[in-house]
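The structure appears right after this line, and notes come after that.
The values are calculated or read from the model by the stated rules, or taken from the named source; none is laboratory data. This structure is a prediction, so every number in the text was calculated from the model and none was measured. Cβ atoms come from the backbone with ideal geometry, glycine included; neighbour counts cover every protein chain shown. Surface areas here come from the heavy atoms of the whole protein model, side chains and all, with no ligands, DNA or RNA. Shrake-Rupley method; radii C 1.70, N 1.55, O 1.52, S 1.80 Å.
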Amino acid sequence: MTDRRPLALLLALAGLMYPLMILWLLPHAGVRALAMAGLGLLLARAVITRRFLQNGLFALPIIILLLAGQDELGLRLYPVLGNLMMLVMFAGSLMGPMPLVERLARISEPDLPEAGIRYTRNVTRVWAGFFALNTLAALATAVWADLPTWTLYNGAISYLLTAALFTGEWIVRQYVRRSHTA
């Protein structure tokens, strides 16, 4: 069996660069060609990850908008749907016995103390809230902003906000760990 990781990494990078690619390529390639290329990338991701239903559901709103003649809006929805998927992952995990952040924490610390379990549940809530707000911001820029503003938010600002939250949570976690072990 072939190693799919390099191709998966390339597709993930394309997903991160998506807003910039749309800004740069839209004037040259046109909306329909980019939409078809984007759907092709989603199909490739579905094949590589073997998550056909998830990727199909992701592509469905884009396909509907393309068929309805709302081509550019269909292109702009990609970050909205990506944030929505992250929101569903984090918020949905809160309904089960082990939230997503706890599952990730247990990889390096299988015997997580009760305080750690409470902390990871709260961090999962914070991430769910973040992705809810980011979904709304991405949707607002998709519907009402011009293309450069949409690109700036979805191709830079949202990534900086994500990095800031990730870094801030790491700093808080170090403080919380020290206060519980002292």
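So what's the gap between the Cα centers of the range 106-182 and the range 73-93, to the nearest angstrom? Distance between centres, Cα-based: 14 Å.
If I stretch the segment between residue 52 and residue 70 completely, what's the gain in nm (0.36 nm per residue apart, minus their alpha carbon distance), one decimal?
Extra length available between residue 52 and residue 70 comes to 4.0 nm.
Cα axis of helix 31-49 to longest principal axis of the chain: angle in degrees, 0 to 90, nearest 10? Once rounded, one gets 40 degrees. Any chance you could give the angle, 0 to 90 degrees and rounded to 10, that helix 5-29 forms with the longest Cα principal axis of the chain? Rounded to the nearest ten degrees, it is 40.
Here the Gaussian network model covers the chain, with springs between Cα atoms less than 10 Å apart; of 129, 168, 82, 168 fluctuates the most. For the pair residue 175 and residue 163, the difference between a 0.36 nm per residue extended length and the Cα-Cα distance amounts to 2.5 nm. Against the criterion of solvent-accessible heavy-atom surface with a 1.4 angstrom probe, 125, 76 sort, most first, into 125, 76. Overall, the range 85-163 carries a charge dipole of about 120 debye about its Cα centre when +1 sits on the Cβ of Lys and Arg and -1 on the Cβ of Asp and Glu, all other atoms neutral. The simple spin-label model puts a point 7 Å past each Cα toward its Cβ; for residue 31 and residue 143 those points are separated by 1.7 nm. Taking only Cα atoms, what is the 0 to 90° angle, nearest 10, from helix 114-144's long axis to the longest principal axis of the chain? Result, in degrees: 20.
Per-residue surface analysis assigns residue 117 an accessible area of about 40 Å², computed on protein heavy atoms at 1.4 Å probe radius. Label zone of residue 109 (point 7 Å out along Cα→Cβ, amide N under 19 Å): in the range 138-182 this covers 166-182. The residues of the chain expose on average 61 square angstrom of accessible surface per residue, using a 1.4 Å probe on protein heavy atoms.
Around the Cα centre of the chain, unit charges on the Cβ atoms of Lys, Arg, Asp and Glu (plus for the first two, minus for the last two) sum to a dipole of about 400 debye. For the range 81-182, the share of accessible area belonging to carbon and sulfur comes to 72 percent (1.4 Å probe, ligands and nucleic acids excluded).
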